Amino acid sequence: MKLFVYDTPELTPTDALPDCAVVIDVLRATTTIATVLAGGAEAVQAFSDIDQLMDTSEQWSQRRRVRAGERGGAKVEGCDLGNSPLECSCDRVQGKRFFLSTTNGTRALQRVEKAPMVLTAAFVNEQSVIQYLQQEQPETIWLVNSGWQGSYSLEDTACAGAIAHQLLPNLPNHLDNIGNDEVIGAIALYSQWQTHLLELFHLSSHGQRLKRLGKQADLDYCAKRNSLQVLPKQKEPGVLVAF
């Protein structure tokens, strides 16, 4: 098993795909995906383009769908929800197809959707992801951080570091399993902040953006480690189910 961390989807190699890609968008897309699937949604279907989401979701009756769209941290007009996991209660999502488009996370999913195995991770479900990777032992793993509009994000890198930190010590000759320097940087960031995640969120640019939008409760929720026992896994390009 060889691990690579990419700080944004734009930094992933364009001429290759891994055996397994793990997409991370802690604030908030992959936290929302985990919450929705834990709440009993039939599937999450992700789109980088909001118009495509609207067109595709029209094929589903209103009682069987939820449209969630976010740009710049705010809800997109015409959607039922934004990108807050706190809005995704069981009674709202159970048995429904959850159509999702966000500023960053869904773009990252699109970048790796052709990989043979695609998972999503956040702090709320990191252990489920780690256990699955330990079980399956894919040869190459990309931890793909969504970042913010093409730039680095603290919270996604810390989550990638949490996953790498737990995987590597269990591998024989684990230094040989480090694919790039970003793995070491992510582990160092996580090690520094692992018991102060909410403080890290408050330092991050997107955390500050969400605070200005009145989303402190979302930050609190996203910082709760392993509150959900769910593994979102892609079953077809752009469609994730609970595994």
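The values are calculated or read from the model by the stated rules, or taken from the named source; none is laboratory data. Not measured: the values here are computed from a predicted model. Cβ atoms come from the backbone with ideal geometry, glycine included; neighbour counts cover every protein chain shown. Protein only, heavy atoms only, side chains kept; ligands, DNA and RNA dropped before computing areas. Shrake-Rupley method; radii C 1.70, N 1.55, O 1.52, S 1.80 Å.
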Check: Rounded to the nearest 5, what % of the DSSP beta bridges within region 1-136 are antiparallel ones?
Finding: 10 percent
Notebook entry, point to check: What's log10 of I(q)/I(0) for the chain at q = 0.08, 0.11, 0.16 Å⁻¹, Debye sum over Cα points only, no solvent?
Noted result: -0.26, -0.50, -1.09
Note to self: Show me the ranking of peptides 189-199, 229-239 by mean Cβ neighbours inside 10 Å, starting with the highest.
What the structure shows: 229-239, 189-199
Next item on the list: At 1.4 Å probe size, with every protein chain present, just tell me what the per residue accessible area of the chain comes to in Å².
Entry: 42 Å²
Next item on the list: Using DSSP, restrict attention to beta bridges with both residues in the chain and report what percent are antiparallel, rounded to the nearest 5.
Entry: 30 percent
Next item on the list: Can you give me the P(r) profile for region 72-211? Cα pairs, bins 10 angstrom wide beginning at 0, each as a whole percent.
Entry: 10, 36, 36, 16, 2, 0
Check: Taking a ≥ b ≥ c as the square roots of the eigenvalues of the Cα gyration tensor of region 145-243, is the shape rounded (a/c under 1.5), prolate (a/b larger than b/c) or oblate?
Finding: oblate
Notebook entry, point to check: In what order, largest first, do Leu86, Leu228, Leu3 sit by accessible area if the probe radius is 1.4 Å?
Noted result: Leu86, Leu228, Leu3
Item checked: Value at 222 nm in deg cm²/dmol, rounded to 500, when DSSP H runs of n ≥ 4 in the chain each add -39,500 (n - 2.57) -> -10500 deg cm²/dmol
Note to self: Using 10 Å bins from zero, what percent of all Cα-Cα pairs in region 1-135 falls into each bin?
What the structure shows: 12, 43, 34, 11, 0
Next item on the list: For region 209-243 and region 81-147, compute the distance between their C-alpha centroids and round to whole Å.
Entry: 8 Å
Item checked: Protein accessible area in region 36-102, 1.4 Å probe - carbon and sulfur % -> 40 percent
Next item on the list: Restrict the search to region 118-187; then list the chymotrypsin sites (Phe, Trp or Tyr not before Pro) that DSSP places in a loop and that have at most 15 other Cβ atoms within 10 Å of their Cβ.
Entry: Tyr152
Next item on the list: Heads up, I need the accessible area for Phe4: 1.4 angstrom probe, whole protein in place, Å², nearest 10.
Entry: 40 Å²
Check: What is the mean projected area of the alpha carbon convex hull for region 1-77, to one decimal in square nanometres?
Finding: 7.2 nm²
Note to self: Given a 1.4 angstrom probe, I'd like the percentage of the accessible area of region 136-220 that is carbon and sulfur, rounded to a whole number.
What the structure shows: 50 percent
Next item on the list: Compute the convex hull volume of the Cα atoms of region 37-107, divide it by the residue count, and report the result per residue in Å³ as a whole number.
Entry: 78 Å³
